[in-house]
Amino acid sequence: MQRRSRKGCIDCKRAKVKCDEEKPFCGTCKRRGYACQGYATPVPSAKHAPKPAAGPTAVSPAKRSKIEPQTPALVPDPQWYEKRQSTNRPTDARDRRETLRKQDEHRSTPQSRSVEVTEMDEMLIEESDVFPSDMEYTEQQLTVIARARANSMQLPSCPPLYPVVPDLPPDAIGRTDQPGVEIYFNRHPSELVISKEFVNEMNANVLLVFNQDPAAVSETLSAIGHIYLGEGGFSIVPMLARKQRILARLRDRRDLEQMMIMLLGLCALELIDGWSEPADTSLPAIISNAAIIIKLQQDKGLSFSSVAKYFIRALARQDMIVSLTYARHPLIPNSVWLSDDSYRTADRFMGYTGTLMPILADLGALAEEMRGGTPTPSDGANVNRNGSGNHFGDEVWSEEAIMITTNPTLAIYQKVLDIKQRLNQWRPVAAQNVSFQASRNLLFHAHSHRAAALLYLHRLLEPPGSSEAADQVALGMAHEVLMHLSAMTDQLKTSLWPVLIAGTELTEEGDRAIVMGMFDEIVRQRKTVTSRRTREFCVQRVWAARDLGLAWNWMDLVELYPGECLPI
């Protein structure tokens, strides 16, 4: 009997399949449609560890170039993970970093963006061993970089990717971009993906495209990282100039994977840049441009690689949330990214809801047909609805009217029944290679989205405030959404949409306090501008209007206050 090789790649070992052990990336993963994460580097035991040299020896520059990584900001020291996981770290150091993290969460006003360099900051700078020695920084920039790196050490993330990161050519990344790129890989995926199990997967796919054209992609990644570096209260690099340079590079791109990652980077800037105004958000416009590029690819009859689909899925999820928020059909077709793997694997943002997206797409198209479409912030329109009912022409929709077969709009009613039946029948499918403990939160996440979609459909038929009976039914449906959400343990990152849909229905102070706790947890985990604005929209717009006896239909209030509600 042939024994299974113990030298297979990370993905094949995890999936328990035979690896062909091709280097640097195995062919088995390629045939399975996965981006191979490479091979783990074994950690030598103390018994077989190389003995230290008797004295310092000179190493020629040629040999040193083979030993030392060309880009230290991207290839961490192998001992970095061991240091991070060590239980013998002094408690006072963790306390100092926690204090700095709390200080950095407080943004100063634009008039006072200076950072005071303290004794603890100098200690962090001295302890940091990842500063490129040939780079020039101001004292304030050094302080903020040290704080950001100290904070990132506390994030629950996977080991660094040094075993699978290929050496990059010298000077492939500009010196000013290196700190931002480093912070991107250390922090951005950890804060945005649905669970920490997907951090390495996301980094591996980003690095795959990054290594094709480091100079082009590093501009995008560095811009994201520099926003995190600017959390101390000032902007190290003006974001407007960064966005303009990314757009300029995007116009010259022909590779779909690079274009998708750059568009995703622009979306990420919109999500985490706290200096932008709600009405000025360009997130819907970025998604529209991505949809145009994807359609051109389809019209030319070109295929989509697995890596391109990986990034398109992230854009498609954002497109879906925008479509449901602004009552329009999604722009990115599901046929581009939805594959057989969506029924067997979990996604870093969608979890197990990948197969739910076609139903949600039809729900968004139905909302557009019934409400006439809500202008997005980028449309520059602001239509004031009366909020007294959901109108299609001169009709007011109701669930009782569905059974009236003499109505001339019977086709719409049939769509409502069809979507409702499909939502009731849909069930998430757990991945085969994921344990119950890891899959538990993903299942609750999927069920909460299905329950929120049913509540959304109910509110299309019976708008908020249309009748007391309809409001009571909606409250019960909101409780079902919260039941699934409350069962999730510390993984509410990508549940902002169901929290909003359920939260708008609540009136009791205790219930609202529970939802506020969920909002706060999402803001704490993701730290995105959209999560903070969505929380404020629910409290200051929906709840405040309802408490004052005013029209509180959140779908109408989205139009009155453009850009304030984007539950992404």
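For the stretch 218-297, which whole percent of the accessible surface, found with a 1.4 angstrom probe, sits on carbon and sulfur atoms? Exposed carbon and sulfur together represent 55 percent of the surface. Working from the Cα coordinates of the stretch 494-557, the gyration tensor eigenvalues give, after taking √(5λ), semi-axes of 20, 13, 9 Å in decreasing order. Accessible surface computed residue by residue for the stretch 481-564, with neighbouring protein chains in place and a 1.4 Å probe, gives 35 Å² per residue. Accessible surface calculations at 1.4 Å, restricted to protein heavy atoms, place the stretch 191-309 at 37 Å² per residue. The label-point distance for Ile293 and Arg6, in a model that sets each label 7 Å from Cα toward Cβ, rounds to 4.5 nm. For Thr409 and Ser339, the difference between the fully extended length at 0.36 nm per residue and the C-alpha to C-alpha distance is 21.8 nm.
With the simple model of a label 7 Å out from the Cα in the direction of the Cβ, Asp418 to Arg14 spans 3.8 nm. Computed 3J(HN,Hα) for the stretch 447-461, one whole-Hz value per residue from the Karplus formula 6.51 cos²θ - 1.76 cosθ + 1.60 where θ = phi - 60°, is 5, 5, 5, 5, 5, 5, 5, 5, 5, 4, 4, 4, 6, 5, 7, glycine and proline marked x.
Where does the Debye-calculated log10 I(q)/I(0) of the stretch 232-308 sit at q = 0.21, 0.22 Å⁻¹, using only Cα point scatterers of equal weight, no solvent? Relative scattering, expressed as log10 I(q)/I(0), comes to -1.00, -1.07. Expressed as a whole percent, the proportion of Cα-Cα pairs in the stretch 264-332 lying more than 14 Å apart is 62%.
The string of couplings for the stretch 174-189 from the Karplus curve (6.51, -1.76, 1.60, θ = phi - 60°) is x, 4, 6, 8, 4, x, x, 5, 4, 5, 4, 5, 6, 10, 4, x Hz, one whole number per residue in order, with x for Gly and Pro. With a Förster radius of 51 Å applied to the beta-carbon distance between Val429 and Arg251, the computed FRET efficiency rounds to 0.80.
A cut-off under 13 angstrom between Cβ atoms defines the neighbours of Ala452, and their net charge, with Lys, Arg +1 and Asp, Glu -1, is 0. With the Cα gyration tensor of the stretch 399-543 giving a ≥ b ≥ c as the square roots of its eigenvalues, does the rule (a/c under 1.5 for rounded; else a/b larger than b/c for prolate; else oblate) give rounded, prolate or oblate? Here the stretch 399-543 falls in the oblate category. When a 1.4 Å probe is rolled over the protein heavy atoms, the share of accessible surface on the stretch 434-568 that falls to carbon and sulfur comes to 55 percent. Applied to the stretch 16-24, the Karplus parametrisation 6.51 cos²θ - 1.76 cosθ + 1.60 on θ = phi - 60° returns per-residue 3J(HN,Hα) values of 6, 10, 6, 9, 7, 6, 6, 10, x Hz, with x for Gly and Pro. For the cross-link pairs Lys30/Lys527; Lys18/Lys493; Lys13/Lys300; Lys16/Lys309; Lys7/Lys30, the ones whose C-alpha atoms lie over 27 Å apart are Lys30/Lys527; Lys18/Lys493; Lys13/Lys300.
The values are calculated or read from the model by the stated rules, or taken from the named source; none is laboratory data. Computed from a predicted model, the values in this text were never measured in an experiment. Here Cβ is always computed from backbone atoms with ideal geometry, including for glycine, and neighbour counts include all displayed protein chains. Only protein heavy atoms, including side chains, enter the accessible area calculation; ligands, DNA and RNA are left aside. Shrake-Rupley method; radii C 1.70, N 1.55, O 1.52, S 1.80 Å.
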